[in-house]
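Contents: one structure, followed by commentary.
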Amino acid sequence: MTKALPGTLIVFEGIDGTGKSTQIELLGEYLLENGHEVVVTREPTDGPYGQKIRQLYMNRDLASKTEELELFLADRREHVNTLLLPALQAGKIVLCDRYYLSTAAYQGANGFDPIEILRLNDFAPEPDIAFIFEVSVETSLHRITKGRGDLLNDFEQAESLKKVKKIFSELDLPFIYRINAERNIDEIHANLLSVIDTVIAHPLADPLEQL
Ligand code: ADP
Ligand code: TYD
């Protein structure tokens, strides 16, 4: 859905462990300090469908491929209706950790046509910016296991991440900005600021100064 709403939707995409959550936290703080109203959210959500999806992390065979795709779509539909649309209608800046390009890439890697998946997401407002964080699969696995100290779940296996990374690299939409996420945290943050400057009204440190 083309977004004709007053708010700004910025989504963060890429394979696991690329540093999305780290950058969302930094950008959220920056925008708040500069007087913007910010909502930080993520998919899968913490709602009923999101909770079902999390049960699949440890055993993806609990659902068929079609059921898995339907769960992500149902979770997004609920997210759009209950949180994203109201926040965007209220003029807020929404930072969303994963959105429909993740469905195209992950469920695409699982056998569906990525273009068909994008079509199934037509109900969801188009983002103003989709950052796709790009790192090698080696860096991704290293950050998940060494950085976060996590074990790899069923969505994070090297072979499937390679396929997911390939689909992300082939997506071609006007709102996509590719980020070299192999760099250090500060360099990436500065890169994101230079891009968002093009879509949001200039930050106001103190709205009273305008009077
Ligand atoms: P994601 O949300 O994409 O899964 P995280 O933000 O959780 O990724 O980062 C994964 C791990 O990598 C964390 O331990 C984090 O501290 C670390 N990390 C994040 N960004 C960088 C970076 N630019 N360089 C090195 N390590 C990073
Ligand atoms: P992640 O973003 O790391 O969140 P969490 O905090 O729950 O670990 O993981 C979400 C996983 O779900 C990730 O491996 C990608 C996958 N995913 C899909 O397969 N399709 C989708 O549409 C979305 C939003 C996520």
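The values are calculated or read from the model by the stated rules, or taken from the named source; none is laboratory data. Because the structure is predicted, anything quoted here is derived from the model rather than measured. So basically every Cβ, Gly included, is an ideal-geometry build from the backbone, and we count neighbours across all protein chains shown. Surface areas here come from the heavy atoms of the whole protein model, side chains and all, with no ligands, DNA or RNA. Shrake-Rupley method; radii C 1.70, N 1.55, O 1.52, S 1.80 Å.
When the dipole is taken about the Cα centre of segment 19-96, and only Lys, Arg (+1) and Asp, Glu (-1) are charged at their Cβ, what size is it in debye, to the nearest 20?
160 debye
Explain nothing, just the number: dipole magnitude of the chain about its Cα centre with +1 on each Lys and Arg Cβ and -1 on each Asp and Glu Cβ, in debye rounded to the nearest 20.
With only Lys, Arg, Asp and Glu charged at Cβ, the dipole is about 400 debye.
Relative to the compact globular guide of 2.2 N^0.38 Å, what is the alpha carbon radius of gyration of the chain, as a ratio?
Details: Rg = 17.1 Å, N = 211, 2.2 N^0.38 = 16.8 Å.
In units of the 2.2 N^0.38 Å rule of thumb, it is 1.02.
How much length is gained on full extension from residue 163 to residue 150, taking 0.36 nm per residue of separation minus their Cα-Cα distance?
The span from residue 163 to residue 150 would gain 2.5 nm if fully extended.
Roll a 1.4 angstrom probe over the protein heavy atoms and tell me the percent of accessible area of segment 1-143 that is carbon or sulfur.
Values: 3140 of 6150 Å².
Ligands and nucleic acids excluded, carbon and sulfur give 51 percent.
Any chance you could run the full-extension gain for residue 22 through residue 175? It's 0.36 nm times the residue separation minus the Cα-Cα distance, nm to one decimal.
The residue 22-residue 175 span can extend by a further 52.9 nm.
Using 0.36 nm per residue of separation minus the Cα-Cα distance, give me the extension gain between residue 193 and residue 78 in nm, one decimal.
Numbers: separation 115, 0.36 × 115 = 41.40 nm, distance 2.96 nm.
Value of the extension gain: 38.4 nm.
Between residue 177 and residues 5 or more places away or on another chain, which pairs have amide H atoms under 5 Å apart, with H built 1.01 Å from N, and which residues are they?
Those qualifying (amide H under 5 Å, at least 5 residues apart or on another chain) are 130, 131, 132.
Within the chain, what is the longest stretch that has no trypsin sites (Lys or Arg not before Pro) placed in a DSSP loop and near at most 15 other beta-carbon atoms within 10 Å?
My reading of the result: 1-147 is the longest stretch.
Using a basic spin-label model with each label point 7 Å from the Cα along Cα→Cβ, how many nm lie between residue 122 and residue 30?
About 3.6 nm separates the two model spin labels.
Relative to the first principal axis of the alpha-carbon coordinates of the chain, what is the inclination of helix 20-33, with its axis defined by its Cα atoms, in degrees from 0 to 90 and to the nearest 10?
Its long axis makes an angle of about 10 degrees.
Extending each Cα 7 Å along its Cβ direction at residue 200 and residue 1, get the distance between those two points in nm, one decimal.
Using points 7 Å along Cα→Cβ, the separation is 2.3 nm.
Using only Cα atoms, locate the centre of segment 64-115 and the centre of segment 171-202, then give the distance between them in Å, rounded to an integer.
21 Å
May I ask you to evaluate 6.51 cos²θ - 1.76 cosθ + 1.60, the Karplus curve with θ = phi - 60°, for each residue of segment 49-64 and list the ³J(HN,Hα) values in order in whole Hz, giving x for glycine and proline?
3J(HN,Hα) across segment 49-64, in whole Hz: 6, x, 5, 5, 4, 4, 5, 7, 4, 8, 7, 5, 6, 5, 10, 6.
Using a 1.4 Å probe on the protein heavy atoms only, what accessible surface does residue 113 show? Give it in Å² to the nearest 10.
80 Å²
If I fit a long axis through the Cα atoms of helix 158-170 and take the longest principal axis of the Cα atoms of the chain, what angle between them do I get, 0 to 90°, rounded to 10?
The angle comes out near 50 degrees.
Non-local amide H neighbours of residue 15 (under 5 Å, H modeled in plane, Pro and chain starts lacking H): which ones?
For residue 15, whose amide H was placed from the backbone, the distant partners under 5 Å are 135.
Could you provide, to the nearest whole Å², the per residue accessible area of the chain with probe 1.4 Å?
50 Å²
To the nearest 20 debye, what is the magnitude of the charge dipole of segment 37-145 about its Cα centre, counting +1 on the Cβ of each Lys and Arg and -1 on the Cβ of each Asp and Glu?
Taking the Cα centre of segment 37-145 as origin, the dipole is about 220 debye.
Could you count how many Lys pairs in the chain have their Cα atoms under 17 Å apart, skipping same-chain pairs fewer than 8 positions apart?
5
With axes computed from alpha carbons, what is the tilt in degrees of helix 65-79 against the longest principal axis of the chain, rounded to the nearest 10 within 0 to 90?
20 degrees
Name the residue from 80, 39, 157 whose Cα lies farthest towards the positive end of the charge dipole of segment 8-198, charges +1 on Cβ of Lys and Arg and -1 on Cβ of Asp and Glu.
The residue sitting most towards the positive pole is 157.
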